[in-house]
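The values are calculated or read from the model by the stated rules, or taken from the named source; none is laboratory data. All figures in this text were calculated on a predicted structure; none of them were measured in a lab. Protein only, heavy atoms only, side chains kept; ligands, DNA and RNA dropped before computing areas. Shrake-Rupley method; radii C 1.70, N 1.55, O 1.52, S 1.80 Å.
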Amino acid sequence: MPDDRRAAVLGSPIAHSLSPVLHRAAYAKLGLTGWRYDRYEVDEAGLPAFLQGLDRTWAGLSLTMPLKRAIIPLLDEISETAASVEAVNTVLFTEEGRRVGENTDIPGMIAAMRERGVERVEHAAVLGAGATASSALAALARIQVGEVTAYVRGAARATEMRQWGERLGVRVRTADWADAAEAMSAPLVFATTPAGSTDALAAAVPERPGALFDVLYDPWPTALAAAWSARGGAVVGGLDLLVHQAVLQVERMTGGAAPLAAMREAGEAALAARQRPTAP
C-alpha cells in the first residue's frame, strides 16, 4: 500500500459539500500528512469512467446525491446496512482492489440522536419520502421506535414509504403533506425535505416540543429548527449528522480513531464563514 493516500466526495452538485473540511481536519489531527481529500463533480453518467480512472492510491469515496444508488451495480459487495435501504454513501477500496459499499448515514443518524439524548421514542414523524427518509426509517428501527407517521405528497410516495416500513420492520402510517403541522406534536420529528420546505411549519411548533432532527445544515438554522430551539426543544442538525457519518468514514478509510471534536469544530467554522456577510 502506498503511503500517500487519496479520498474524495463525489456528487452533483458538489461545490457546497463540507466533507473536505471534515476529512482534512481529521487527517491533520491524526498526522496523516500523506493523505488528501478532494471533491469532484460527478453525475450518474460519469460515475463508471471516474471509478475506472482510480489507481491503488485511493482509499475510499464519499457519495452524495445522485450517486447513492447509482453506485451499487458498480461495486463488488455492499454491507447489510447499505442493502437495507439500497443506498451507499461510502466506498472502500481493499488491498485486493475490491470495491465495498457501506452506509454510514444510518449509524451516523443514530449516533447524532444519542448525543442529544434520543435513544427510544414511542412515536415519530417523518417529513418527506426520499432516500434520506428511508434512511431515517432504518435509524428509527434501530432505536426501538413505535409507530412512524410519514407526511408525504402523493399516493405513490405514500405507498413507497409503507413498503420501506415493511422492509425495515417499522410500523408506518402515511398522511398527506397538507396535514404536516400535526407532526409537530410527535416526540421526535425527522425533517428530510429540501431547504424551505418546512418553513411554514415553524408556526406550528408546540409550547413544549419533543426532539427535532433536521437533516439540513446550510442554511442553518432552518426556520423550523430556530422555532424549535426557541421553545426549548432538543434539536439535532444536519451538521451533527454530517460529522458523525464522516467520523465513521474516516475510521473505515484510515483505520484510525477519528477526532470527533476537531471535525465538528472545523465544520462549524466553515459554516460560520459561509454565513458571514461579505464586505461591499
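Numbers below:
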read-out: Beta bridge orientation in segment 27-145: antiparallel %, DSSP, nearest 5; value: 80
read-out: Helical contribution to [θ] at 222 nm, DSSP H n ≥ 4, -39,500 (n - 2.57), averaged over the chain, rounded to 500; value: -11000 deg cm²/dmol
read-out: Kirkwood Rh and Cα Rg combined as Rg/Rh, segment 28-82; value: 1.00
read-out: With every protein chain in place, segment 173-236: carbon and sulfur % of accessible area (1.4 Å); value: 51
read-out: Accessible surface, the chain, averaged per residue in Å² (probe 1.4 Å); value: 45
read-out: For segment 153-264, projected area of the alpha-carbon convex hull averaged over all directions, nm²; value: 8.7
read-out: Per-q log10 I(q)/I(0), segment 139-192, q = 0.19, 0.22 Å⁻¹ (Debye; single scatterer per alpha-carbon; no solvent); value: -0.63, -0.85
read-out: The chain - share of DSSP beta bridges that are antiparallel (%, nearest 5); value: 15
read-out: Dimensionless Rg ratio for segment 78-170, taking C-alpha atoms and the 2.2 N^0.38 Å reference; value: 1.17
read-out: Heavy atoms of M263: accessible area, 1.4 Å probe, square angstrom to 10; value: 0
read-out: Within the accessible area of segment 1-149 (1.4 Å probe), percent carbon and sulfur; value: 45
